[in-house]
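The values are calculated or read from the model by the stated rules, or taken from the named source; none is laboratory data. Please read these numbers as outputs of a predicted model, since none were measured by experiment. FYI the Cβ positions are ideal-geometry reconstructions off the backbone, even for glycines, and counts take in every protein chain you see. Note: areas computed on protein heavy atoms with side chains; ligands, DNA, RNA excluded. Shrake-Rupley method; radii C 1.70, N 1.55, O 1.52, S 1.80 Å.
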Amino acid sequence: MDYKKQEIEDQFYDFIEEQDSEWIEENKDDLHHHAFNTDYYIIGRYQATKWLGEEVFNIINFIKEYEMRNFGEVYTNYSEPERVVNMYTYIIGNEIVCEYINQLEAA
């Protein structure tokens with residue numbers, strides 16, 4: 001799923017620009033955690049609902065499939081738009097960080 005992936009990727013690269021290369025190298029294994037799990041991507045029910053837009057049910061299904069595949073059960077509370085947005089960005093963020101690390105290691 002690529003919904004708003006470019007926006008999430010831009011946010012990640014803004015985060016990376018704030019770090020120096022030594023910090024990035026020292027934290028490469030925890031980069032995803034620092035970029036996507038230490039703060040909320042969207043705060044506020046209204047903002048989250050607006051961000052999800054017409055894709056809300058596709059995003060919920062995407063998260064559900066991810067959680068079932070990785071954890072064997074669903075953890076996200078789908079009645080809370082903030083949690084849906086933040087879990088979605090967490091998952092997409094993992095893809096973005098993996099791509100970034102692969103580029104670092106190829107250089």
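Being under 30 Å from Ile24 (Cβ atoms) and touching a Leu at 6+ places or on another chain (Cβ under 8 Å) narrows it down to one of Ile91, Ile59, so name that one.
The match here is Ile59.
Of the helices (runs of 4 or more DSSP H) lying entirely inside the range 1-92, those containing at least 2 residues that are exposed (fewer than 13 other Cβ atoms within 10 Å of the Cβ) are 5-17, 21-26, 45-52, 56-71.
Take Lys5 and tell me if it is under 17 Å from the mean Cα position of the chain (by Cα), of a type outside the set (Phe, Trp, Tyr) and at pLDDT below 95. Criteria not met by Lys5.
Close Cβ contacts (under 7 Å, 6 or more residues apart or on different chains) running from residues in the range 52-76 that are free of Cβ contacts under 8 Å to residues at least 12 places away in the same chain to residues that are open to solvent by 60 Å² or more (accessible area, probe 1.4 Å) and in a helix (DSSP H, G or I) comprise Val74/Lys64; Val74/Met68. The sole residue among Glu25, Glu65, Glu95 that is over 17 Å from Phe12 (Cα atoms) and acidic (Asp, Glu) is Glu65.
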